[in-house]
Amino acid sequence: MNLSYAIPFYSQNGTIHDLLTGVNFGAAHATILYVGSRGYQSLNQQLRQTFETIQLLQLWLGQEFATEFIESSLFYLSLGKDDFIDYFHSNSSRISPRFSGQNFTHILVNQMTNAIRNLYANDARKIVCAGILPLGCAPRMLSMNVDRRGCASEVNMLVSEYNTRLEEKIVALNAELSGAHIIFCDVYRAIMEFVNNPQNYGVKDVHNACCGLGRHHGMTGCLSTDMACNQSSSYVWWDLYNPTPAVNSLLANSAWSGDPLAAICRPITVQELVSSSV
């Protein structure tokens, strides 16, 4: 999009110049659900910050111009991965004992749906919602069972169920909300394509993390870049749960234009969403 990186919410000083170039409300370990005092930042916290920013825009620009600006802006949501990580690591989670897998996905999808509705109510019209990657193929999950070969199917099944339900909700919201242009980006399918057909993308290692220690380099995370492999572009995974920069670049290009992977974002590409009128 030829834009500079959006500034973090906590570093902006409240001037109109900062707001007009975009704001990043994201945080490491951001969760859809609030999980207590573990230092995570929940979806609701990020929404409150977004609405504070919208109020500042209204103050500086006036209601009419602020509405036009917000309607033409792009809102990107990518949450849920850390909720599932907590769920599967039940010993350290306050969530998993309370919900079955299906109830858990229902709750997460409903929370995301409510977030989209709240953004729409505040004049957001162009929204990108990313699904969750196949955590069952991540080095951390592979390292937890010495007898397992390949991806953990029970993990991927639950993540896939979440993605399917979320996309169904997005299809329904597009039909229900006038002027809404909401797209779902299927990160799961993209990563599985790299895992199943690595030779097509210059990838050689689909199981091990580039940076980490232990089995599959998934027992301990990347404590220092000195631990990293020599050529990260030949790996799918950078650390315990996150793709390498090379894979992220392939994901971004596919989401933007449909190349190299078509229809990752549905019903249109991010490029088409940016160009669409509201």
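The values are calculated or read from the model by the stated rules, or taken from the named source; none is laboratory data. Since we're looking at a predicted model, the values are computed, not measured. Don't worry about glycine lacking a Cβ; one is built from the backbone with ideal geometry, like all the others, and counts go over all protein chains shown. Side chains are part of the model used for accessible areas, which takes the heavy atoms of the whole protein and leaves out ligands, DNA and RNA. Shrake-Rupley method; radii C 1.70, N 1.55, O 1.52, S 1.80 Å.
Could you pull out every residue, at least 5 positions away or on a different chain, whose amide H is within less than 5 Å of the one on residue 24? Hs are placed 1.01 Å off N in the peptide plane, and Pro or chain starts have none.
HN-HN under 5 Å from residue 24: 7, 9.
Between residue 32 and residues 5 or more places away or on another chain, which pairs have amide H atoms under 5 Å apart, with H built 1.01 Å from N, and which residues are they?
43, 80, 83
On full extension of the chain, what length is gained from residue 164 through residue 276, given 0.36 nm per residue of separation minus the C-alpha to C-alpha distance?
37.8 nm
With springs only between Cα atoms under 10 Å, which of 227, 141, 219 fluctuates most in a Gaussian network model of the chain?
Per the Cα network of the chain with a 10 Å cutoff, 227 tops the list.
Label the range 233-278 by shape, choosing from rounded, prolate and oblate, from the square roots a ≥ b ≥ c of the eigenvalues of the Cα gyration tensor; if a/c is under 1.5 it is rounded, and otherwise prolate applies when a/b is larger than b/c, oblate when it is not.
Cα axes put the range 233-278 in the prolate bin.
Could you name the aspartates and glutamates whose alpha carbon sits less than 20 Å from that of residue 126, not counting residues in the same chain fewer than 8 places away?
Candidates past the 8-residue exclusion: 52, 64, 68, 71, 167, 168, 176, 186, 272.
Loop only by DSSP, 16 or fewer other Cβ within 10 Å of the Cβ. Give me the trypsin sites (Lys or Arg not before Pro) in the range 125-176 that pass, ordered by residue number.
148, 149
If you look at just the Cα atoms of the range 172-278, how large are its Rg and its Dmax in Å?
Cα only, the range 172-278: 16.8, 51 Å (Rg, Dmax).
What is the percent of Cα-Cα separations in the chain that go past 30 Å?
Result: 32 percent of Cα pairs exceed 30 Å.
Using bins 10 angstrom wide from zero, how does P(r) for the range 185-234 break down, in % of all Cα pairs?
Histogram of Cα-Cα distances, whole percents per bin: 26, 43, 30, 1.
Kindly state, to the nearest 0.05, the FRET efficiency for residue 121 paired with residue 10, given R0 = 25 Å and r defined as their beta-carbon distance.
After rounding, the FRET efficiency stands at 0.50.
Ignoring ligands, DNA and RNA, what percent of the accessible area of the chain is carbon or sulfur (1.4 Å)?
Heavy-atom surface of the chain belonging to carbon and sulfur, 1.4 Å probe: 51 percent.
When we measure straight from the Cα of residue 204, which lysines land under 30 angstrom away, once same-chain ones fewer than 8 places off are left out?
Cα-Cα hits under 30 Å: 81.
So with the 1.4 Å probe, I'd like the accessible area per residue for the range 168-278, rounded to whole Å².
49 Å²
Starting from the eigenvalues of the Cα gyration tensor, five times each then square-rooted, give me the equivalent ellipsoid semi-axes of the range 115-165, largest first, whole Å.
Largest first, the range 115-165 gives 34, 10, 7 Å.
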